[in-house]
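All remarks here apply to the structure that follows.
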Amino acid sequence: MQTGLCSHMQAIETIKRAKRQQCDECVKIGAQWVHLRTCQECGKTLCCDSSPNRHATKHARAIGHPVIASAEPGEYWLYCYPDDAFTEYERQGFGSPLR
Ligand SMILES: [Zn+2]
Ligand SMILES: [Zn+2]
Ligand SMILES: [Zn+2]
């Protein structure tokens, strides 16, 4: 895993945070989740790899949306699937560009 901004992260204008604290797919099937991630391309909030259904990873692979943000309160980081890149951002940077 690398740290720092990949080209996908640099293209993000505004970091999307979860609209609701729930996995959009798990609620449809009545499944449980562990942690939540928000897709930075379409804004869907989905569950992490510790969850039984791993909806965030499935979504990234299936649709090709590269970057997710943690949707957990108090966590401020982004992860890019194709680059395996991870970066943290300033809390006050929420809603503004990463640069
Ligand atoms: Zn990337
Ligand atoms: Zn889910
Ligand atoms: Zn998406």
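The values are calculated or read from the model by the stated rules, or taken from the named source; none is laboratory data. A quick note: this is a predicted structure, and the numbers were derived from the prediction, not measured. Using ideal geometry, Cβ is built from the backbone for each residue, glycine included, and neighbour counts are taken over all protein chains shown. Quick note on the areas: whole protein, heavy atoms, side chains included, nothing else; ligands and nucleic acids left out. Shrake-Rupley method; radii C 1.70, N 1.55, O 1.52, S 1.80 Å.
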Summed residue charge, Cβ within 13 Å of ARG17's Cβ, Lys/Arg positive, Asp/Glu negative: +4
Roughly to the nearest percent, how much of the accessible area of the chain is carbon and sulfur, given a 1.4 Å probe? 47 percent
Relative to the compact globular guide of 2.2 N^0.38 Å, what is the alpha carbon radius of gyration of the chain, as a ratio? 1.00
Burial-style ranking of 51-59, 14-22, average other-beta-carbon count within 10 Å with highest first, yields 51-59, 14-22
The answer for the chain, accessible area per residue at 1.4 Å probe in Å², is 58 Å²
Spin-label proximity, GLU72 to segment 37-63 - amide N less than 14 Å from point 7 Å beyond Cα toward beta carbon: 37-38, 47-51
